[in-house]
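Written out below as structure tokens is the structure these notes cover.
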Amino acid sequence: MPTRHDNPYQALKRVFHEPNRLAIVSALCPAGNGLTFGELKDECDLTDGNLSRHLRMLEESNIIFIRKEFIDSRPRTTVFLSDIGRDRFVDYLVALEEVLKLAGDALELPASESELSLNVMKAARA
């Protein structure tokens, strides 16, 4: 569980904060059997090159792992969210929740509109 920061913005990790990488990791969260490159490309509406670039960064950060194999003589690339990646993403979501709550409080939004469900994040850790 992440600790609260004096400056909650420090906990927002750039690896997740980029919109396309956020979409990739979010798409992989419910995919226990991973997603193929094509499925991920379609789900996130990215080009081959753009997806490849983001996957490379996520893989170098140990957020994902990639399995390459041949199925019926055709190459298949499958992308999985790593256990470390899942934990780091949950930490990011908790930090993001804190930042959004601060912003919501500053705008005087009702609590139900300014908070994300911690239960969802706790469930993701289980």
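The values are calculated or read from the model by the stated rules, or taken from the named source; none is laboratory data. All values derive from a computational prediction rather than experimental measurement. Don't worry about glycine lacking a Cβ; one is built from the backbone with ideal geometry, like all the others, and counts go over all protein chains shown. For the accessible areas, the whole protein counts, side chains as well, though only heavy atoms, and no ligand, DNA or RNA atoms are used. Shrake-Rupley method; radii C 1.70, N 1.55, O 1.52, S 1.80 Å.
Yes or no: Asp105 of a type outside the set (S, T, N, Q), at pLDDT below 95, surrounded by fewer than 15 Cβ atoms within 10 Å (Cβ to Cβ) and touching a Ser or Thr at 6+ places or on another chain (Cβ under 9 Å)? Criteria met by Asp105. Residue pairs whose Cβ atoms lie under 7 Å apart, separated by 6 or more positions or on different chains, with the first residue in the range 19-33 and touching a residue at least 24 places away in the same chain (Cβ under 8 Å) and over 13 Å from Phe80 (Cα atoms) and the second among the β-branched types (Val, Ile, Thr) and in a helix (DSSP H, G or I), are Arg21/Val15. Looking at (1) open to solvent by less than 70 Å² (accessible area, probe 1.4 Å); (2) modelled with pLDDT of 85 or more; (3) hydrophobic (A, V, I, L, M, F, W, C), which is the one condition that is false for Phe16? Condition (2) is where Phe16 drops out. Determine, yes or no, whether Arg53 is in a helix (DSSP H, G or I), at pLDDT 95 or above and open to solvent by 20 Å² or more (accessible area, probe 1.4 Å). Judged against the criteria, Arg53 is a match.
Can you confirm whether the range 33-41 contains a residue that is at pLDDT 95 or above, surrounded by 14 or more Cβ atoms within 10 Å (Cβ to Cβ), charged (D, E, K, R) and outside any strand (DSSP E or B)? For the range 33-41, residues at pLDDT 95 or above, surrounded by 14 or more Cβ atoms within 10 Å (Cβ to Cβ), charged (D, E, K, R) and outside any strand (DSSP E or B): present.
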